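The values are calculated or read from the model by the stated rules, or taken from the named source; none is laboratory data. In this text the structure is predicted, and so the values were computed from the model without any measurement. As a convention, Cβ positions derive from the backbone with ideal geometry for all residues, glycine included, and neighbour counts pool all protein chains shown. For the accessible areas, the whole protein counts, side chains as well, though only heavy atoms, and no ligand, DNA or RNA atoms are used. Shrake-Rupley method; radii C 1.70, N 1.55, O 1.52, S 1.80 Å.
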Amino acid sequence: MVDIKALVDVENGTQSRRIFWERDIYELELERIFARCWLFLTHESQIPNYGDFFVTKMGEDEVVVIRQKDGSIGAFLNQCRHRGMKLCMAEAGNARAFSCAYHGWAYGVDGTLKSVPCEKESYGPDFDKAQWGLHPVAKVESYKGFIFGCMDAAAPSLVDYLGDAAWYMDIWAGVPGGIEFLGPPSRSIIRSNWKSPPENFIGDSYHVGWTHAGVLKAMTGEVMPQLAFASKDAGFQVTTRYGHGHGINWGPGPILMSPNCPDLFEWTERRGVEMEAIVGEKASKLYSRHWDGTLFPNCSYLIGTYVFKAWHPIGPDKVEIMTWAFAEKDMSDDLKHRIKVAAHRVFGPAGILESDDIDNFEYIALPNQGHVTRQGKMNLQMGMGREREEADYPGVIGDFLSEHGQRGLYRSWADCMSSANWAELEAKTASWKQDLLRKKKV
Ligand code: FES
Ligand SMILES: [Fe+2]
């Protein structure tokens, strides 16, 4: 039995290193996090037409996400119901049917079993194909074009799961014309635990001026001191009920895109003014700023850098990374192309900033093969006790230079891992905000 309280100490902001290495903890994560939470599947712009499909993962379960004839979206385990062969071998495409390479059972895009070779002769008249359709993902919903799936039918709706994070998402994803993902994702595999990347993207402003010092100097010509983010004017972090979080920096959003896309500064300033009528004055002021963010458990993005990522675990010590560049649909084809090149140049598999980060992620995981090392704790205490509510922004707010968002991610990890089902999880998190704000006074 895994003792969750011994692994993540929410009160004191520490975690055991064991959660980055041990197989029994990982197996419980697959059950209580990946088979329970809403997970990002793909964006609607990746499958615009009837029969378009995209293959991705929910934890270690591979799924095919397919645009249906009526425009809705279906998602199914990528596995033939006969003797379990992987069904679709492509990463994406368009199909009217999926036939299994082993014996030829064929399924429609709606997951129903359409044909079985030698059916009458071999199975007889009583074989009921309706019982042997593809296993559907229990819930599939879309928010502002972002498609999520959930394996647990008892989960709340996607919008309830996003909670306060939906208010923030409206600002960058609710633009006129919507968002478009630019081509297929790059796919790469690193030797890391799956939690390290989303933990970093949720708000690790601390590492930027240190880990990336060399690259940032080369890109901007200036040294950025770590202290630059300590100012009260630097921005803020936010955490939400189910562990989603953002770091929002008041600096200009497209700063990392400036060599290829200098016109983005003008675009974001102008669009920010237009967004006032859509999301209101206070929210619209965030539009042109630089954000990092993670939706618990495993998708992250950089607003201003036009990068969206999904982190898929492959065992406790490997992660498959999918990286998309995205743009606003209303942008010109020329600007979209330059965004795609620039986004992958910084955060693609060989991106100049990605490479710095992956070294960190890998060397957080690998030392844990040492038994004594693995008994140690990690420290996420920066900015503890400074949690607060702010009238202008939903969620619980913390300092920009802090580990506020990361503590939120591990709070949610502990909530999920210690709950047997959604009813328990919802009861446990019902007073999350008061609990978090109360804690700081103790
Ligand atoms: S395993 Fe798919 S048809 Fe036999
Ligand atoms: Fe980084």
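Among the residues of region 220-250, count how many are among the aliphatic types (A, V, I, L, M), part of a helix (DSSP H, G or I) and either over 27 Å from the mean Cα position of the chain (by Cα) or closer than 30 Å to Lys428 by Cα (or both). Working first, answer last.
Step one: filter region 220-250 for residues among the aliphatic types (A, V, I, L, M), giving 223-224, 227-228, 230, 234, 238, 248.
Within this subset, residues satisfying the condition of being part of a helix (DSSP H, G or I) are 227-228, 230, 234.
Those left that are additionally either over 27 Å from the mean Cα position of the chain (by Cα) or closer than 30 Å to Lys428 by Cα (or both): 227-228.
Final tally of qualifying residues: 2.
Mind counting the residues in region 189-218 that are within 13 Å of ligand 2 (Cβ to nearest atom) and either of a type in the set (A, V, I, L, M, F, W, C) or not assigned by TED's automatic domain parsing to the domain that holds Ile364 (or both)?
7
Can you pull out every residue in region 132-149 that is farther than 29 Å from Gly177 by Cα and either within 15 Å of ligand 1 (Cβ to nearest atom) or touching a residue at least 60 places away in the same chain (Cβ under 8 Å) (or both)?
Trp132, Gly133, Leu134, His135, Pro136
Given (1) under 11 Å from Ala75 (Cβ atoms); (2) crowded, with 19+ Cβ neighbours inside 10 Å; (3) over 18 Å from the mean Cα position of the chain (by Cα), where does Ala138 come up short, assuming only one miss?
Result: Ala138 passes all but (2).
Does Asn421 meet the test of being among the polar types (S, T, N, Q), within 22 Å of the chain's Cα centre (by Cα) and open to solvent by 60 Å² or more (accessible area, probe 1.4 Å)?
On the way: among the polar types (S, T, N, Q): yes; within 22 Å of the chain's Cα centre (by Cα): yes; open to solvent by 60 Å² or more (accessible area, probe 1.4 Å): yes.
The answer is yes for Asn421.
Taking region 379-389 on its own, how many of its residues are in a strand (DSSP E or B) and more than 16 Å from Gly203 (Cβ to Cβ)?
Here the count works out to 1.
Please report, ordered by residue number, the helices (runs of 4 or more DSSP H) entirely within region 146-215 with at least 1 residues that are open to solvent by less than 10 Å² (accessible area, probe 1.4 Å) and in contact with a Ser or Thr (Cβ under 7 Å, 6 or more places away or on another chain).
Result: 165-173, 196-201.
Find the residue count for region 317-332, including only residues that are open to solvent by 10 Å² or more (accessible area, probe 1.4 Å) and either in contact with a strand residue (DSSP E or B) (Cβ under 7 Å, 6 or more places away or on another chain) or more than 11 Å from Glu180 (Cβ to Cβ) (or both).
Counting residues in region 317-332 that are open to solvent by 10 Å² or more (accessible area, probe 1.4 Å) and either in contact with a strand residue (DSSP E or B) (Cβ under 7 Å, 6 or more places away or on another chain) or more than 11 Å from Glu180 (Cβ to Cβ) (or both) gives 5.
Does region 251-297 hold any residues that are open to solvent by 10 Å² or more (accessible area, probe 1.4 Å), part of a strand (DSSP E or B) and modelled with pLDDT of 95 or more, and which are they?
Listed by number, the residues that qualify are Arg289, His290, Asp292.
Give region 342-358 a look and list any residue that's surrounded by fewer than 18 Cβ atoms within 10 Å (Cβ to Cβ), touching a residue at least 12 places away in the same chain (Cβ under 8 Å) and in a helix (DSSP H, G or I), or say none.
Ile352
Evaluate the following for Ser258: is it within 30 Å of Arg374 (Cβ to Cβ), assigned by TED's automatic domain parsing to the domain that holds Phe201 and of a type outside the set (A, V, I, L, M, F, W, C)?
no
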